[in-house]
1. If you compute Cα Rg over 2.2 N^0.38 Å for the structure shown, which of [x] 1.03; [y] 1.23; [z] 1.30 do you land on?
2. Using helices alone, I'd like the mean residue ellipticity at 222 nm for the chain: each DSSP H run of four-plus residues gives -39500 (n - 2.57), total over residue count, nearest 500.
3. Probe of 1.4 angstrom, ligands and nucleic acids ignored: what's the accessible area per residue over the chain, in square angstrom?
4. Can you give the relative contact order of the chain as a percent, counting alpha carbon pairs under 8 Å and 6+ residues apart?
5. Given 0.36 nm per residue, what is the gain on full extension from residue 123 to residue 45 after removing their alpha carbon distance, in nm?
6. Using a probe of 1.4 angstrom, how much of the accessible area of the chain is carbon and sulfur, in percent?
7. Add +1 for every Lys or Arg and -1 for every Asp or Glu among the other residues with Cβ under 15 Å from the Cβ of residue 74, and state the total.
Amino acid sequence: MSRELSGLADDEPACSIERSLQILGERWSLLVLREVFAGKHKFAEIQSSLGIASNLLSARLKLLVEAGVLHTQTYQEPGSRPRQSYHLTAAGNDLRVVLVAFQQWGDRHRPRRSGPSALRRVRDTNRPVHVGFLDDDGHEVPATDVVMLTDTAARA
């Protein structure tokens, strides 16, 4: 992993949002992750679904692997050369809430006339779910009541 991605660079941004955007701030990165979450793991499957140029997809996958968001597994179909498939790491799995938050925001503030492209449900009960803030006791906190403190203010 490169120094910039490992968090060891001398010029590393102090802001964790900025550090995250170094990996996820490009449109294709989040769309690639959406496809992997949907069960597409092969390069050709992801490329076909997104309609992305192969050089762009290669660059995005390489960055996501180097950043520890995805890992590769070798597979080989009969009569073909070995290839890599792409799978979520623990860090990648943690991005599910980020993607769902984007989807939730888009459904609310950029809705399609035909309705949401996907619904968020609890697997066993089919009950609707949404992304929100929880306090240490598990109680939901309105977003307007959440403040982001700077390093100095957080330590006070």
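1. [y]
2. Counting only the DSSP helices, I get -12000 deg cm²/dmol.
3. Averaged over the residues of the chain, the accessible area is 73 Å².
4. Reported relative contact order: 14 percent.
5. So the chain would gain 25.6 nm between residue 123 and residue 45.
6. Carbon and sulfur atoms account for 51 percent of the accessible area of the chain.
7. Local charge sum for residue 74: +2.
The values are calculated or read from the model by the stated rules, or taken from the named source; none is laboratory data. Since this is a predicted model, take the numbers as computed values, not measurements. Ideal geometry is used to build each Cβ from the backbone, glycine not excepted, and the neighbour counts take in all protein chains shown. SASA here: full protein model, heavy atoms, side chains in, ligands and nucleic acids out. Shrake-Rupley method; radii C 1.70, N 1.55, O 1.52, S 1.80 Å.
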